[in-house]
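Have a look at the structure below, then the notes.
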Amino acid sequence: MSVSITLPRAAAGPRAWRLPAWPAALLLPLLGLLAWAAAARAGWLTPAILPAPAEVWATLTELWQSGELQSHALWSMGRVVQGFAIGAVLGLALGAAMALSPRVEDYLRPSFVAIAQVPVIGWVPLLMLPLGIGEALKIVIIAKAALVPVTLNTLAGIRAVPRGWVEVGTAFRYSRWQVLRHVVLPAAVPPVFTGIRYGLTSCWKALVAVELLASAEGLGFLLVWGRQMFQMDMVIAGMVVIAAVGLVFDASLALLERRLQPWRAA
Amino acid sequence: MNARGLVLPLGLLALWQGVAAGGLADPRLLAPPGEVAATAWRVLTDPAIFLALGASLGRCLAGFVLGAGLGLCFGLLCGLSRPADRLLGPSFHALKNVAVFAWIPLIAMWFGFGEEARIIFIALATFTPMVLNSWEGIAGTPRALLEVGSVLRFGPWQSLARIRLPAALPSMMTGVQLGLMHAWLATIGAEYFLAKGTGLGGVLIEGRDTFDMALVLVGVVLLGAVGLVLSQMARLGGARLAPWKREIA
């Protein structure tokens with residue numbers, strides 16, 4: 001038999017009318033789309049300023065069917081994956097080395113801080129001198145975008161592992177390596193992963209910047225090309241794809257994050 | 001400060017000197033350190049660089065004020081009102097996924113390549129972190145504090161002014177700090193992409209185009225220094241305005 005207790009609602013008052021979540025979320029985009037379509041139909045805005053939504057959609061499907069969109073997206077994603085892999089691996093190694101050895105930290109930290117201080121885009125002109133404007137520049141810039149947040153979060157994450165846990169490891173007569181493998185690293189996973197996610201987002205941002213600056217392929221190039229041709233539909237289509245790919249990257253890392261730490265409920 | 005921290009920079013400097021002196025690198029690409037220092041001195045004693053810096057800073061602040069003001073209003077609105085959260089929140093979170101530089105071609109087509117376009121871009125870059133942090137701050141007001149307010153029979157305005165806003169202030173100051181960093185980054189971006197030859201970004205581009213490595217180096221160092229100063233100012237301002245929360249990330 002179950003006893004049901006009705007708790008008085010805290011500060012009930014007159015019940016507020018609640019918007020249902022999904023329709024409310026879609027209301028504004030739908031209204032915007034309608035206004036946009038109406039404005040385009042009435043001819044308030046020239047297509048060079050704002051093309052009709054149908055036109056953007058047509059451009060998007062056309063780019064998709066010709067395979068251009070996929071090839072540009074693959075170029076961009078390839079660059080991000082390469083740069084991100086280099087930057088994240090270096091960042092993990094650097095962060096872990098500085099966290100585990102005060103001596104390494106003494107040697108490297110001031111230089112690292114100095115490098116981290118200049119925003120990604122500030123390095124572009126300097127690196128252009130030795131590297132030119134080819135792939136090497138793009139990969140290095142993207143790697144730098146990942147390096148800083150990954151290093152900082154790895155450093156902070158390993159530092160924040162409670163001393164008591166390490167002591168439990170030593171009480172079990174774990175070797176140094178075992179403590180690292182079974183105690184420190186698993187405990188540092190959440191903050192390290194935050195750094196990795198943040199790093200990937202920064203990489204994607206940096207990619208768009210370097211592709212705007214100099215490239216002959218990729219999604220950033222699609223934007224530049226669209227603007228030069230005064231094809232606003234292509235610019236908007238490019239922005240939609242950039243947002244979508246960014247979202248997919250972030251969502252897949254969020255999924256991986258949950259997989260990697262099954263001991264965390266949420 | 002530890003002397004060990006100097007080993008790496010000095011080692012690199014020595015390597016640079018060695019490579020330059022040994023003639024191992026194209027001197028156009030890698031001038032010897034002494035020459036770079038001499039050029040740097042010349043650049044730094046010329047008021048032109050500070051005029052450029054001033055132009056950049058003014059632009060950065062104008063965009064920041066616009067973006068942070070709008071962001072604060074938007075964040076507070078969404079944090080305080082559930083219907084606003086439900087109506088506007090999802091659209092905001094969707095648009096936030098557009099990498100900030102991807103807005104540049106759109107802004108260029110709508111507003112041209114003038115000062116207006118640059119300030120709008122900087123404001124846009126400031127808007128997102130400001131919204132996120134003020135929203136989070138106001139929505140995350142501890143329940144216990146709000147209950148104290150209702151025990152004291154605070155009206156909605158009193159509760160806002162005495163409880164919610166002070167509770168959200170540290171988070172808002174984090175937003176200001178992040179917003180300033182983003183604004184500064186966007187200033188340089190705007191000077192690269194939305195105009196040629198104005199401000200510090202213009203100096204960097206000029207240095208690159210003329211293969212003047214010293215000029216580029218001075219520009220990069222100034223860029224980093226200004227970023228550092230802005231972020232420290234925001235941090236100190238935050239600590240002073242909201243002393244009840246000591247650390248502001």
Being under 18 Å from B:Phe211 (Cα atoms) and polar (S, T, N, Q) narrows B:Thr39, B:Thr45 down to just B:Thr39
Filtered residues of the range A:224-265 (kept if basic (Lys, Arg) and more than 8 Å from chain B (Cβ to nearest Cβ)):
A:Arg258, A:Arg259, A:Arg264
Scope the range A:104-134; condition facing chain B (nearest Cβ under 7 Å), farther than 15 Å from B:Gly219 by Cβ and either basic (Lys, Arg) or in contact (Cβ under 8 Å) with a residue 40 or more places away in the chain (or both); matching residues
A:Arg109
For the structure I just gave you, tell me whether B:Gly140 is over 17 Å from the mean Cα position of the chain (by Cα), more than 9 Å from every other protein chain (Cβ to nearest Cβ) and surrounded by 21 or more Cβ atoms within 10 Å (Cβ to Cβ).
no
Every listed condition ((1) surrounded by fewer than 21 Cβ atoms within 10 Å (Cβ to Cβ); (2) in contact with a helix residue (DSSP H, G or I) (Cβ under 7 Å, 6 or more places away or on another chain); (3) over 26 Å from A:Ser111 (Cβ atoms)) holds for A:Val161 save (3)
Residues that are closer than 17 Å to B:Val100 by Cα and among the small types (Gly, Ala, Ser): find the helices (runs of 4 or more DSSP H) completely inside the range B:120-234 holding 2 or more of those.
B:165-193
Of the residues in the range B:67-118, those that are among the aliphatic types (A, V, I, L, M), surrounded by 23 or more Cβ atoms within 10 Å (Cβ to Cβ) and away from every other protein chain (no Cβ under 13 Å) come to B:Ala68
Those residues of the range A:85-104 which are more than 19 Å from the chain's Cα centre (by Cα) and buried (at least 20 other Cβ atoms within 10 Å of the Cβ), in sequence order:
A:Leu94, A:Gly95, A:Ala96, A:Met98, A:Ala99
Among the residues of the range A:219-266 satisfying the criterion of being aromatic (Phe, Trp, Tyr) and in contact with a Leu (Cβ under 9 Å, 6 or more places away or on another chain), which is modelled with the lowest pLDDT?
A:Phe249
Criterion: over 30 Å from B:Gly140 (Cβ atoms), of a type outside the set (A, V, I, L, M) and modelled with pLDDT of 90 or more - qualifying residue of B:Gly58, B:Gly63, B:Gly67:
B:Gly58
Inside the range A:222-255, can you point out the residues that are among the polar types (S, T, N, Q) and either surrounded by 16 or more Cβ atoms within 10 Å (Cβ to Cβ) or touching a strand residue (DSSP E or B) at 6+ places or on another chain (Cβ under 8 Å) (or both)?
A:Gln231
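The values are calculated or read from the model by the stated rules, or taken from the named source; none is laboratory data. Keep in mind that this is a model prediction, so the values were computed, not measured. Note that we place each Cβ from the backbone using ideal geometry, even for glycine, and neighbour counts take in every protein chain shown.
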